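Right, one structure below, let's go through it.
Laboratory data are not the source of any read-out in this text; all were calculated from the coordinates shown. Not measured: the values here are computed from a predicted model. Cβ sites come from the backbone with ideal geometry, for glycine too, and all protein chains shown count toward neighbours.
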Amino acid sequence: MTVTSSDFENNQMIPKRHTGFGDDLSPELVLKDMPGETVSVAIIMDDLDVPFVREFPHWIIWNIPPVSVIPQGIPKGKAINTPFSAFQGKAWGRHVYRGPKQPPFIHKEHRYRFSVFAIDRMLDLSPNANKVQLLRAMAGHVIEKAELVGIYDPS
């Protein structure tokens, strides 16, 4: 399985419209060669360069049907019904995609990893779940994982 985006290439700059300095729209994600036994998909977006933290989640979403394109601009909310039904847990304190937005005192680029998981079932998980709880619920059910890394530099 692979994940790409029409909005940016792997290890390249994320456009401003997908950041907290712009429109804060989730980027389009294109999934190819998804395993046939995939029942649902989950995504975790982490900032890999937050000081004193190994990874800082900006977005968690699960129970996405096995689609080939996740369009940009996934709506806010714990449960979404458009463009498909899914749940968004708490990442950065909210139930929504929160794009790159380094604080003003950090003027260096950060890497943001979109981890996409093909899962063999729907997850029975509260929409108030966080990244750790999502990872626990997925344990033993991940068929395949793919990653896409984007970079953002606010300076």
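Values as computed for the structure displayed
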quantity: Total charge dipole magnitude, the chain, about the Cα centre, Cβ charges on Lys, Arg, Asp, Glu only, Debye to nearest 20; calculated: 520 debye
quantity: When the stretch 79-133 is reduced to its Cα atoms, the Kirkwood hydrodynamic radius in Å; calculated: 13.7 Å
quantity: Unsatisfied cross-links (Cα-Cα over 20 Å) in the set K108/K145; K16/K101; K78/K131; K78/K145; K16/K145; calculated: K108/K145; K78/K145; K16/K145
quantity: Loop trypsin sites (Lys or Arg not before Pro), the stretch 81-155, which have at most 10 other Cβ atoms in a 10 Å radius of their Cβ (DSSP); calculated: K108
quantity: Tensor-based shape of the stretch 111-155 (alpha-carbon gyration tensor, a/c under 1.5 rounded, otherwise prolate or oblate); calculated: oblate
